[in-house]
Amino acid sequence: MVLAWDYCGACTSCKAGKVLYCLNFFLHNFHGARPDGTTTLRKGDQVVHGSFFCQSSFADFALANERNVVKVQDDAPLEVLAPMGCGVMTGAGAVMNALQPRPGASIAYHLNILGECRSDWQSDLLLPLLFEKIPHIPFIIVEDALSANAPHIRKLQRHKLHFILGVKPGDHAHLFDYVAQAHARGDTTEFERQVAGVTQRFRYLNDAPLNASNLDVRVNFLEYWEIQGNQVQHFTWITDFHHPRQCPHVDARGPRPLED
Ligand SMILES: [Zn+2]
């Protein structure tokens, strides 16, 4: 069995097949009891509230409603089914029902739903799934600096998934030194432009080693400053996308070198 959320089945949203937007959603999922106020749990005479998402299933046994129980095959992989009750159903529903993307559309999908399980789940299950089951869709994996490590990048490369990952000087000292040296030699591509009173400054370097112990993991480095008055925001990423020597978005005068 796989458990998901409950819904009333009688309101206008439910009757329209949009059970995620059930008008009685709170009563059925966050009320700590059945909609009529009775509880599914007790200790002796004592009332115990539960029924979170109409299940409270962090136990050997759980009381649920037939509406939020889905029977699955005995040999179905539980580790793949487990995230479906929440993350995939809400996410897939949002994409297919609300966004209704046309061919060629791009979608940003936030996967930080599984807390500490995230990395393992993404790496070992989700990434191969994305590549093997739907290879015709070009994915771009965007993650924070925790994911900018050699084993993870090798995995992304193996599955031919594009990536944009954050990097930080403290965690990637070798990479930042490498870029600084390239900058000193004039090997980086740099330019800035003004957009609505904001200065946008870019620095690119292709084909840099991720770190000293993984010189074979080559990445493209992108650094970006956004400057407005005294406020400066600064971001750094690595990606498999090749930065063009000249950015097509630069104004007609073309890229201009940065001043130090
Ligand atoms: Zn309803």
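The values are calculated or read from the model by the stated rules, or taken from the named source; none is laboratory data. Values in this document were obtained by computation on a predicted structure and should not be read as measured data. When we count neighbours, we look across all protein chains shown, and the Cβ atoms used for this are built from the backbone with ideal geometry, even at glycine.
Against the definition (within 16 Å of the ligand (Cβ to nearest atom), surrounded by 11 or more Cβ atoms within 10 Å (Cβ to Cβ) and either modelled with pLDDT of 90 or more or within 27 Å of the chain's Cα centre (by Cα) (or both)), how does HIS49 come out, yes or no? Steps first, please.
Numbers: within 16 Å of the ligand (Cβ to nearest atom): no; surrounded by 11 or more Cβ atoms within 10 Å (Cβ to Cβ): yes; either modelled with pLDDT of 90 or more or within 27 Å of the chain's Cα centre (by Cα) (or both): yes.
No; evaluated as a whole, the condition is false for this residue.
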Can you pull out the helices (runs of 4 or more DSSP H) entirely within region 102-215 that have at least 3 residues that are modelled with pLDDT of 90 or more and in contact with a Phe, Trp or Tyr (Cβ under 9 Å, 6 or more places away or on another chain)? 173-185
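Name the residues in region 24-40 that are among the hydrophobic types (A, V, I, L, M, F, W, C), under 15 Å from ASN65 (Cβ atoms), out of contact with any Ser or Thr (no Cβ under 7 Å at 6 or more places or on another chain) and more than 10 Å from the ligand (Cβ to nearest atom), would you?
PHE30
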Identify all residues within region 24-66 that are part of a loop (DSSP other than H, G, I, E, B) and aliphatic (A, V, I, L, M); write none if there are none. ALA33, ALA59, ALA62, LEU63, ALA64
Which members of region 7-23 meet the condition of being part of a helix (DSSP H, G or I), within 27 Å of the chain's Cα centre (by Cα) and near the ligand (Cβ under 9 Å from one of its atoms)? VAL19, TYR21
Residues that are outside any strand (DSSP E or B), more than 16 Å from the ligand (Cβ to nearest atom) and within 20 Å of ALA98 (Cα to Cα): does region 69-84 have at least one? yes
Assess whether PHE26 counts as being within 27 Å of the chain's Cα centre (by Cα) and surrounded by fewer than 16 Cβ atoms within 10 Å (Cβ to Cβ). yes
